[in-house]
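Visitor: First the structure, then my questions, so here it is.
Readers should treat all values here as calculations from the given coordinates under stated rules, not as data from a laboratory. Quantities reported herein were computed from a predicted structural model and do not represent experimental measurements. When we count neighbours, we look across all protein chains shown, and the Cβ atoms used for this are built from the backbone with ideal geometry, even at glycine.
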Ligand code: TXA
Ligand code: MG
């Protein structure tokens with residue numbers, strides 16, 4: 001299927017085997033496909049194909065020291081790529097399929113291309129819950145490396161249109177799975193023997209991790225940034241972003257929350273899960289508006305609010 005914009009966007013057959021088979025075929029032949037997950041859209045390629053992986057980095061303009069998450073259809077499949085100890089298996093049992101990524105040691109014969117892990121001896125694994133992505137993993141038989149399907153440093157895509165807008169002409173085939181349900185990237189947990197560290201807050205909250213494992217996360221200060229995607233400026237709109245804005249200035253596009261109405265509102269009822277699902281779409285709208293500045297109402301840091309504020313703080317950093 002030549003050309004760069006032959007999107008599959010017919011909602012009526014979005015779960016149809018025809019669309020999924022076409023996507024699987026493209027992936028098998030080393031192509032890229034933008035895929036829906038329950039968190040954000042991903043830019044997927046066969047994780048064992050070095051040139052396809054190089055194409056992901058090129059398309060995103062992503063620094064090659066920032067490794068990718070590999071998506072697998074099951075915990076069993078994850079075991080082919082990474083060494084899951086008791087703690088990793090417990091977390092997989094409680095949260096997979098779902099928005100949790102586990103960083104574990106690679107297996108000795110791990111088949112993924114070296115660029116996927118950017119030279120690390122660990123690998124980030126996730127079993128996603130979105131039914132379309134599950135089908136694609138099963139039908140293709142591939143382990144799919146997929147970063148978020150946006151230009152590096154930009155706002156993550158939670159709708160197919162965001163992928164097109166962010167990647168422009170470089171956007172590959174897009175499998176339309178509708179808007180993403182959680183809307184914020186997966187929680188990343190690094191397994192450290194019998195302990196774990198949260199590398200990126202996300203939809204699986206620290207309370208949920210604690211309830212599952214019976215222990216709190218360690219806060220291990222490595223000498224280098226271990227999830228390089230955690231660089232301060234990230235998820236950044238082109239405009240400057242002001243946080244904790246209870247009122248809007250004349251030049252602000254105001255993103256509200258709860259009682260603070262704003263020009264758009266993340267959740268009128270103050271529901272944090274709803275706010276997370278709407279966050280990136282609101283930033284996309286604010287960035288495209290005719291107002292030169294963006295202001296965001298305060299959002300509490302409880303539960304998934306920690307992940308929302310993590311993304312907002314990065315969006316507000318100047319690159
Ligand atoms: O929800 C998600 O996780 C989405 C969907 C598409 O699955 N993907 C996503 O990928 O957010 P990306 O590339 O935007 O973020 C991946 C993060 C980066 O911060 C990267 O540094 C980290 O995962 N990462 C990948 N491999 C790692 C490893 N071996 N050790 C530590 N961090 C790793
Ligand atoms: Mg990303």
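Visitor: What residue among 295, 211, 88 has the largest mean-square fluctuation in a Gaussian network model of the chain, using Cα springs under 10 Å?
Guide: So, out of 295, 211, 88, the one fluctuating most is 211.
Visitor: Output the relative contact order of the chain, whole-number percent, from Cα pairs under 8 angstrom with separation of 6+ residues. Mind dumping the intermediate values first?
Guide: Details: 716 pairs, mean separation 63.1, N = 319.
Relative contact order of the chain: 20 percent.
Visitor: Divide, for the range 240-315, the radius of gyration over alpha carbons by 2.2 N^0.38 Å, where N is the residue count.
Guide: Working: Rg = 11.0 Å, N = 76, 2.2 N^0.38 = 11.4 Å.
With N residues counted in the range 240-315, Rg over 2.2 N^0.38 Å equals 0.97.
Visitor: With a 10 Å radius around each residue's Cβ, average the other Cβ atoms per peptide and rank 272-284, 50-62, 31-43, 194-206, highest first.
Guide: Details: 272-284: 23.2, 50-62: 18.0, 31-43: 26.6, 194-206: 19.6.
By packing density, highest mean first, the sequence is 31-43, 272-284, 194-206, 50-62.
Visitor: If you don't mind, another one. Nearest 0.05, what FRET efficiency do residue 85 and residue 243 give at R0 = 25 Å with Cβ-Cβ as r? Before the final figure, lay out each step's value.
Guide: Details: r = 39 Å, r/R0 = 1.54.
Efficiency for this residue pair is about 0.05.
Visitor: Cα convex hull of the range 12-213: mean projected area in nm², to one decimal? Each step should come with its number before you reach the end.
Guide: Numbers: hull surface 40.5 nm².
Average projection, Cα convex hull of the range 12-213: 10.1 nm².
Visitor: Turning to a different aspect of this structure: Mind ordering 246-257, 305-316 by average Cβ neighbours within 10 Å, highest first? Show your work: numbers first, answer last.
Guide: Working: 246-257: 17.8, 305-316: 20.7.
Result, highest mean Cβ count within 10 Å first: 305-316, 246-257.
Visitor: Work out the FRET efficiency for residue 264 and residue 139 from their Cβ-Cβ distance, taking R0 = 41 Å, and round it to the nearest 0.05.
Guide: On the way: r = 37 Å, r/R0 = 0.91.
The formula returns an efficiency of 0.65 here.
Visitor: In addition: May I ask you to compute the full-extension gain from residue 18 to residue 288, defined as 0.36 nm times their residue separation minus their alpha-carbon distance, rounded to one decimal in nm?
Guide: Numbers: separation 270, 0.36 × 270 = 97.20 nm, distance 3.42 nm.
Stretched out fully, the residue 18 to residue 288 stretch lengthens by 93.8 nm.
Visitor: Taking every pair of Cα atoms in the range 91-146, average 1/r, invert it to obtain the Kirkwood radius, and report Rg/Rh to two decimals.
Guide: Values: Rg = 12.1 Å, Rh = 12.4 Å.
When Rh is taken as the Kirkwood radius, the ratio is 0.98.
Visitor: I've got another one for you. Who wins for biggest fluctuation among 258, 193, 30 in a Gaussian network model of the chain, springs between alpha carbons below 10 Å?
Guide: 193
Visitor: I would also like to ask the following. Rounded to the nearest 500, what is the 222 nm mean residue ellipticity of the chain from helices alone, with -39500 (n - 2.57) per DSSP H run of 4+ residues and division by all residues? Before the final figure, lay out the partial values.
Guide: Numbers: 9 runs with 95 residues, N = 319.
Counting only the DSSP helices, I get -9000 deg cm²/dmol.
Visitor: Another question about this same structure. Let me test this: with uniform point scatterers at the alpha carbons of the range 134-200, what is the Debye-based log₁₀ I(q)/I(0) at q = 0.13, 0.14, 0.17, 0.25 1/Å?
Guide: Relative scattering, expressed as log10 I(q)/I(0), comes to -0.51, -0.58, -0.80, -1.18.
Visitor: Related question: Over the residues of the range 134-284, compute the C-alpha Rg and express it relative to 2.2 N^0.38 Å.
Guide: Numbers: Rg = 17.9 Å, N = 151, 2.2 N^0.38 = 14.8 Å.
Rg over 2.2 N^0.38 Å, computed on Cα atoms: 1.21.
Visitor: Is any residue of the range 275-309 close enough, with backbone N under 20 Å, to a label point placed 7 angstrom from the Cα of residue 210 along the Cα-Cβ axis, and if so, which?
Guide: 300-309
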